[in-house]
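Asker: After the C-alpha cells below, expect a handful of questions from me.
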Amino acid sequence: MNTSNSTFVRTEMLPQKAPPITEAGAVKWMRENLFSSPLNVLLTVLGVGAVAYLVLHIAPWLSRSVWNAASLTECRQIIEARYGEGATGACWAVIRERWPQYLFGFYPQHLYWRPVLAFVLLCVAVAPVLFDKLPRKMLWFSLIYPAVGFWLLWGGSVWVPVAALAGFAIGYVAAQVVKPLAGTILATIAAVVTPVLWWLFLAGPAADAVHSVLPIALESVRSREFGGFILAFTIGFTGIAFSLPLGVMLALGRQSDMFIVNKLSVGFIEFIRGVPLITLLFTASLLLNYFLPPGTDFDIILRVIIMVVLFAAAYIAEVIRGGLAALPRGQYEAADALGLDYWKAQRLIIMPQALKISIPGIVSTFIGLFKDTTLVVFVGLLDPLKGITDAVRASTDWKGIYWEPYIFVGTIFFIFCFGMSRYSMYLESKLKTDHR
Amino acid sequence: MSEAIARHIDPSQMKVSDEVAIQITQMNKWYGTFHVLRDINMTVNRGERIVICGPSGSGKSTLIRCINRLEEHQQGQIIVDGTELTSDLKNIDKVRSEVGMVFQHFNLFPHLTILENLTLAPIWVRKTPKKEAEEVAMHYLRKVKIPEQAGKYPGQLSGGQQQRVAIARSLCMKPRIMLFDEPTSALDPEMIKEVLDTMIELAEEGMTMLCVTHEMGFAQAVANRVIFMDQGQIVEQNAPKEFFNNPQSDRTKLFLSQILGH
Ligand SMILES: Nc1ncnc2c1ncn2[C@@H]1O[C@H](COP(=O)(O)OP(=O)(O)OP(=O)(O)O)[C@@H](O)[C@H]1O
Ligand SMILES: [Mg+2]
C-alpha cells in the first residue's frame with residue numbers, strides 16, 4: 001500500500017473479522033442492566049426489596065396449603081395442628097370440592113359432557129383460524145361451529161340452529177338474485193335485510209314445523225342454569241368471534257364517503273364508547289324486550305352477548321381506523337389503478353395491512369372483553385369471579401373463605417389472556433414482511 | 001441525465017397509428033376553489049409516447065391521474081379508448097383495466113410477495129386462472145430482468161428493482177396505455193438507468209405511453225411529443241427536437257434553462 005502521499009488506492013480488500021471479545025458473562029450483564037447508574041442502583045434495590053417482601057409474605061401462606069378438607073373450619077384445624085397455633089395457610093380444598101361449580105355453574109350434572117364436547121369442538125374450530133398451516137377445508141367447520149356449539153350448550157331442537165344457519169344461505173341467495181337485477185348496492189342491502197327478516201319472523205315457525213315432522217332434540221338447558229367458566233367462555237368467545245367482523249364494518253363505515261353510512265357509524269361508535277358496559281348490560285336485561293316483537297322470549301345470555309359484541313366492536317372499529325389511517329394513500333391508488341373494486345381492494349390490499357397494524361390493539365380489546373364477561377354478575381348471571389364465589393361462600397362449609405377462590409379464578413383468566421397476548425406476538429412476527 | 005440513456009431510438013421510425021387512444025377536450029378541474037387544470041385539450045394517438053414536464057405544482061400529476069380517474073374532473077370530456085370517463089363505475093373499471101399506472105413511490109403491496117403482487121389483479125379482476133397468471137407474471141419479471149426475486153417481499157428489493165416490479169405489475173394486466181408519474185425521481189442515479197431501460201423497451205414495442213418526467217434524455221430518446229405545463233395549463237407542445245432546440249414561449253425557455261442549465 002502506498003502511504004507516502006495523500007492519494008490512496010486500496011490494493012487488497014480487507015477480510016471479515018470476528019468482533020472483539022470484551023468482558024462477557026453475568027458480571028457484565030449485571031453491570032450494564034442493573035447497576036449502570038446511581039438511579040439504576042436505587043431502582044434495583046427497591047425492586048428486589050419489593051419482590052422479596054411479597055414473596056416472604058405469600059410463600060409461607062402458599063406453602064401451608066391444604067387440599068383435603070370438607071370445610072373451612074376443618075382446613076384451619078389441619079393447619080393449626082400441623083404448623084402450630086395461629087398459623088395461616090391456603091385452603092385449596094374449596095376448589096377441589098367446588099370446581100365443577102366453577103366450571104359449569106348450575107348446569108345439570110348429567111349433561112356436563114355437552115359443554116366439554118362443545119369446548120373440544122371449539123378448539124377444533126379455532127385451530128385453522130389461528131394457524132394457517134392447517135388444512136383450509138377445516139374452516140368450513142369453523143363456520144358452522146357457532147350453531148353446533150349453541151345446540152350442544154342449550155340443547156333443544158336441532159332445527160333451531162339449522163334455521164339460524166339457513167339465514168346466511170338465504171342472504172347469499174338473495175344477494176345473487178338481486179345483483180343482476182338491481183346492482184351491487186341493493187344486493188348488499190338484500191343480503192342483510194332478508195336474513196334479519198327470516199330470523200325475526202320465519203326462522204322460529206320454520207324450525208317448529210320441521211321439528212314436528214322430524215324431531216331431533218337434546219334435553220334443553222335454561223340460560224339461568226349457566227354459570228362459571230362456561231358462561232365466561234360462551235360470552236367471551238362469541239363476543240370475540242362476532243365483534244371483529246362488526247368492528248371491521250364499522251371502521252369501513254366511518255371511512256365511507258356515503259353520508260348516512262358515515263354518520264351512523266360515527267354516532268354508533270361514539271355512543272357505545274361513551275357509555276359504561278354495565279349500562280349496556282342493564283339495558284340488555286331490562287329494556288331490550290321492549291324493542292322486540294311481543295311474545296319473543298329473548299334469551300338473557302343472547303342479549304348480553306349482543307351488548308358485549310356491540311361494545312367490543314366499537315372499540316375494535318377505532319383500533320382498525322388507526323390501522324387504516326397508517327396506510328399510505330398510495331396503496332389505495334395502486335389498488336384502484338389496477339382496477340380492483342372497493343370490496344376487493346379492501347379485502348385483498350387494505351384490510352390485511354390495516355389488521356396487521358392493529359393486531360396489538362385488537363387483542364387488547366379481546367382481552368378486555370374476555371375479562372369484562374365477569375360483569376354479567378350485575379344482571380344476575382353467575383360469573384365465575386363473583387357469582388359463583390358468592391354462591392360457594394353462601395354455604396355454611398365455606399363461609400368466610402376469601403383469597404383462594406379469587407386466586408383460582410384469576411389464574412384461569414390469566415392463562416387465557418396471557419395465551420392471547422402471546423398469540424398476538426407470534427402473529428405479528430409471522431406477518432412481518434416489511435423487513436425494515 | 002442523458003448519459004443514463006444507453007440506446008437512442010429514432011422516434012420517426014416508430015409507427016403511430018391515427019387511431020385515437022386518449023381524447024381530452026376542454027377539461028377543467030378544481031381542488032376546492034383552486035383551479036388546478038384549465039382548459040386542457042389533448043389528443044394521444046395509439047402508439048404515441050408523450051413526455052409531460054413542467055415546474056413543480058403545475059398540475060402534471062393531476063392531469064395524468066385524471067386519465068384513470070384517480071382524480072375526478074369537473075368540466076369537459078375525457079375519452080380513453082372510446083370510453084368516456086363519467087361517474088359511471090362500469091366505465092371507470094373498464095378504463096382502469098385498460099390503463100396501467102406506475103407511481104413515483106412504486107406503491108407495491110408490502111404484505112404480498114413479488115409474484116403475488118403481479119398476479120393479484122389478473123386473478124381477481126381479469127379472472128385469469130392462477131397458474132396462467134403466474135406464467136404471465138414470470139414472463140414480465142424476466143422482461144424487467146428480475147425473475148429471481150419472485151418469492152421475495154417488496155421490502156427486500158432495491159428501489160430500482162421495486163419500480164421495475166411495479167412496471168411489470170401493470171403490464172400483467174395487458175394494458176393498452178401506460179401512465180408514468182415521475183417513475184425515476186425517487187431513485188438513486190444508478191437505478192434510474194435500469195428503470196429507463198425498461199421503459200425504453202416498452203416504447204420500442206409500441207406501447208402508448210404518457211410519462212411525467214424530468215429525464216430530458218429519455219424525452220429526447222423516445223418521445224414523439226413533449227408537453228410543457230405551467231399553472232395548470234398546457235403552455236407548449238412539440239416534437240422533442242424542436243422543443244429542446246427551439247422553445248417558443250418564455251416560460252418554456254426559462255424552465256429548460258433551469259433544468260438543463262447547469
Ligand atoms: N388533493 C389535493 N387537494 C388540494 N390541492 C391539491 C391536491 N393535490 C394537488 N394539489 C395542488 O394542485 C397543484 C398541482 O399538483 P400536482 O401534484 O398535479 O403537481 P405536479 O405538477 O405533479 O407537481 P410535482 O412536480 O411537484 O409533482 C399543486 O399546487 C398542489 O398543491
Ligand atoms: Mg407530481
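The values are calculated or read from the model by the stated rules, or taken from the named source; none is laboratory data. Note that the structure is a prediction, hence the values are computed from the model and not measured. A quick note on method: Cβ atoms are made from the backbone with ideal geometry, for glycine too, and the neighbour counts reach across all protein chains shown. Surface areas here come from the heavy atoms of the whole protein model, side chains and all, with no ligands, DNA or RNA. Shrake-Rupley method; radii C 1.70, N 1.55, O 1.52, S 1.80 Å.
Asker: Aspartates and glutamates near B:Lys94 by alpha-carbon distance under 13 Å, same-chain residues fewer than 8 away left out - which ones?
Answerer: Output for B:Lys94: A:Asp336, A:Asp341, B:Asp81, B:Glu84.
Asker: What is the Cα centroid distance between the range B:149-207 and the range A:42-114, reported in whole angstrom?
Answerer: Result: 68 Å between the Cα centres.
Asker: Can you give the accessible area per residue of the range A:223-436, in Å², using a 1.4 Å probe?
Answerer: For the range A:223-436, the per-residue accessible area is 47 Å².
Asker: Among residues other than A:Ile316 whose Cβ falls under 15 Å from its Cβ, what is the net charge (Lys/Arg +1, Asp/Glu -1)?
Answerer: +1
Asker: If you don't mind, there's one more thing I want to ask. Which aspartates and glutamates have a Cα less than 15 Å from the Cα of B:Lys60, not counting those fewer than 8 places away in the same chain?
Answerer: Within the straight-line cut-off, B:Lys60 pairs with B:Asp39, B:Glu71, B:Glu72, B:Asp181, B:Glu182, B:Glu215, B:Asp230, B:Glu236.
Asker: For peptide B:101-108, compute the average count of partner chain beta-carbon atoms within 10 Å of each residue's beta-carbon.
Answerer: Taking the mean over all residues of the peptide, I get 4.
Asker: While we're on this one: If I take R0 = 45 Å and measure r between the Cβ atoms of A:Val196 and B:Asp188 in this structure, what FRET efficiency does the formula 1/(1 + (r/R0)^6) give, to the nearest 0.05?
Answerer: With a Förster radius of 45 Å, E is 0.20.
Asker: Now for a separate question. For A:Ile189 and A:Val126 in the same chain, what is the full-extension length gain: residue separation times 0.36 nm, less their Cα-Cα distance, in nm?
Answerer: Taking A:Ile189 through A:Val126 to full extension adds about 19.7 nm, to one decimal.
Asker: Return P(r) of the range A:223-436 (all Cα-Cα pairs; 5 Å bins starting at 0; whole %; ordered from short to long distances).
Answerer: 1, 7, 12, 15, 16, 14, 11, 9, 6, 4, 2, 1, 0, 0, 0
Asker: With θ taken as phi - 60° and the coefficients 6.51, -1.76 and 1.60, list the Karplus ³J(HN,Hα) couplings across the range A:366-371 in order, rounded to whole Hz; mark glycine and proline as x.
Answerer: 3J(HN,Hα) across the range A:366-371, in whole Hz: 4, 4, x, 4, 4, 6.
Asker: Tell me: how much accessible area in total is hidden between A and B, 1.4 Å probe, Å², nearest 100?
Answerer: Approximately 2000 Å², summed over both chains.
Asker: Still on this structure, I have one more. Where does the charge balance sit around A:Gly89 when Lys and Arg score +1, Asp and Glu -1, over other residues with C-beta under 15 Å from its C-beta?
Answerer: Net local charge, A:Gly89 excluded: 0.
Asker: In deg cm²/dmol and to the nearest 500, what is the mean residue ellipticity at 222 nm of chain A if only DSSP H runs of at least 4 residues count, each as -39500 (n - 2.57), divided by the residue total?
Answerer: After summing the helix terms and dividing by the residues of chain A, the value is -22500 deg cm²/dmol.
Asker: Something else: Which of B:Lys127, B:Lys174, B:Lys152 ends up with the largest GNM mean-square fluctuation for chain B, with Cα atoms connected below 10 Å?
Answerer: Result for chain B, Cα springs under 10 Å: B:Lys127 fluctuates most.
Asker: Past 18 Å, Cα to Cα, is the threshold; run A:Lys263/A:Lys356; A:Lys137/B:Lys127; B:Lys130/B:Lys174; A:Lys179/B:Lys90; B:Lys143/B:Lys193; A:Lys432/B:Lys145 against it and keep the listed order.
Answerer: In this structure, A:Lys263/A:Lys356; A:Lys137/B:Lys127; A:Lys432/B:Lys145 exceed 18 Å between Cα atoms.
Asker: Debye calculation, C-alpha points only, no solvent: report log10 I(q)/I(0) for chain A at q = 0.07, 0.08, 0.14 Å⁻¹, in the same order as the q values.
Answerer: -0.52, -0.66, -1.46
Asker: Below 19 Å, Cα to Cα, which lysines can A:Lys386 reach? Residues fewer than 8 away in the same chain don't count.
Answerer: By straight Cα distance, A:Lys386 reaches A:Lys371, A:Lys399.
Asker: While we're here: Name the residues whose placed amide hydrogens come within less than 5 Å of the amide hydrogen of A:Leu134, ignoring near sequence neighbours (fewer than 5 apart) on the same chain.
Answerer: none
Asker: Continuing with the same structure: For the range A:237-340, report the translational diffusion coefficient in µm²/s to the nearest whole number, using Stokes-Einstein at 25 °C, 0.890 mPa s, and a Kirkwood Rh over Cα pairs.
Answerer: So the translational diffusion coefficient is about 160 µm²/s.
Asker: Give the percent of DSSP beta bridges with both residues in the protein assembly as shown that are antiparallel, rounded to the nearest 5.
Answerer: 55 percent
Asker: How far apart, in nanometres, would the label points at A:Trp140 and B:Thr43 be if each is projected 7 angstrom from Cα along the Cα-to-Cβ direction?
Answerer: Computed distance between label sites A:Trp140 and B:Thr43 equals 5.9 nm.
Asker: To continue, here is another question. Check A:Arg64: other-chain or 5+ apart residues with amide H under 5 Å from its amide H, H built from backbone geometry?
Answerer: The answer is A:Ala90.
Asker: Going from most exposed to least, what order do B:Thr43, A:Thr373 have by accessible area with a 1.4 Å probe?
Answerer: B:Thr43, A:Thr373
Asker: Kindly identify chain B as rounded, prolate or oblate by the Cα gyration tensor criterion: order the square roots of the eigenvalues as a ≥ b ≥ c, call it rounded if a/c is under 1.5, otherwise compare a/b with b/c, prolate if a/b is larger, else oblate.
Answerer: oblate
Asker: Sticking with this structure for a sec: What does the extension gain come out to for A:Val48 and A:Phe378, with contour length at 0.36 nm per residue minus their alpha carbon separation?
Answerer: Length gained, A:Val48 through A:Phe378: 114.8 nm.
Asker: Evaluate E = 1/(1 + (r/R0)^6) for A:Tyr290 and A:Glu270, where r is the Cβ-Cβ distance and R0 equals 25 Å; express this FRET efficiency to the nearest 0.05.
Answerer: 0.60
Asker: Find the centroid of the Cα atoms in the range A:343-395 and in the range A:154-176, then give the distance between the two in whole Å.
Answerer: The range A:343-395 and the range A:154-176 have Cα centres separated by 26 Å.
Asker: Taking the Cα centre as origin and putting +1 on Lys and Arg beta-carbons and -1 on Asp and Glu beta-carbons, what dipole magnitude results for the range B:131-262, to the nearest 20 debye?
Answerer: So the magnitude is around 200 debye.
Asker: Add -39500 (n - 2.57) for each DSSP H run of 4 or more in chain B, then divide by its residues: what number comes out at 222 nm, to the nearest 500 deg cm²/dmol?
Answerer: Estimated from H runs of four or more residues: -11000 deg cm²/dmol.
Asker: Run the 1.4 Å probe and let me know the accessible area of A:Ser243, rounded to the nearest 10 Å².
Answerer: The accessible area of A:Ser243 comes to roughly 0 Å².
Asker: Right, here's the next one. How many percent of DSSP beta bridges within chain B run antiparallel, rounded to 5?
Answerer: Antiparallel bridges: around 55 percent, rounded to the nearest 5.
Asker: Taking the Cα centre of chain A as origin and charging only Cβ (+1 Lys, Arg; -1 Asp, Glu), how large is the dipole, in debye to the nearest 20?
Answerer: Its charge dipole is roughly 780 debye.
Asker: Around B:Val36, which amide H atoms from residues at least 5 apart in sequence, or from another chain, sit under 5 Å from its own amide H, with H modelled in the peptide plane?
Answerer: B:Lys29, B:Trp30, B:Tyr31
Asker: I would also like to ask the following. Read phi for every residue in the range B:57-73 and hand back ³J(HN,Hα) as whole Hz from Karplus 6.51 cos²θ - 1.76 cosθ + 1.60, θ = phi - 60°, with x for Gly and Pro.
Answerer: Karplus values, whole Hz, x for Gly and Pro: x, 7, x, 5, 4, 4, 4, 6, 6, 5, 5, 10, 6, 6, 10, 9, 9.
Asker: With a Förster radius of 41 Å, plug the Cβ-Cβ distance of B:Lys131 and A:Glu225 into 1/(1 + (r/R0)^6) and report the FRET value to the nearest 0.05.
Answerer: Between B:Lys131 and A:Glu225 the formula returns 0.15.
Asker: Let me ask you something else. If you wrap a convex hull around the alpha carbons of the range A:18-63, what volume per residue comes out, as a whole number of Å³?
Answerer: 91 Å³
Asker: Could you run the Karplus curve 6.51 cos²θ - 1.76 cosθ + 1.60 with θ = phi - 60° over the range B:19-27 and give me ³J(HN,Hα) per residue in whole Hz, x for Gly and Pro?
Answerer: Residue by residue, the range B:19-27 yields 5, 7, 9, 10, 10, 10, 10, 6, 8 Hz.
Asker: Per residue of B:220-230, what is the mean number of Cβ atoms on other protein chains within 10 angstrom of that residue's Cβ?
Answerer: 0
Asker: Rounded to two decimal places and with Rh computed the Kirkwood way over Cα pairs, what is Rg over Rh for the range B:54-185?
Answerer: 0.99
Asker: Around B:Arg65, with a cut-off of 11 angstrom between Cβ atoms, what is the net charge of the other residues, counting Lys and Arg +1 and Asp and Glu -1?
Answerer: For residues surrounding B:Arg65, the net value is -2.
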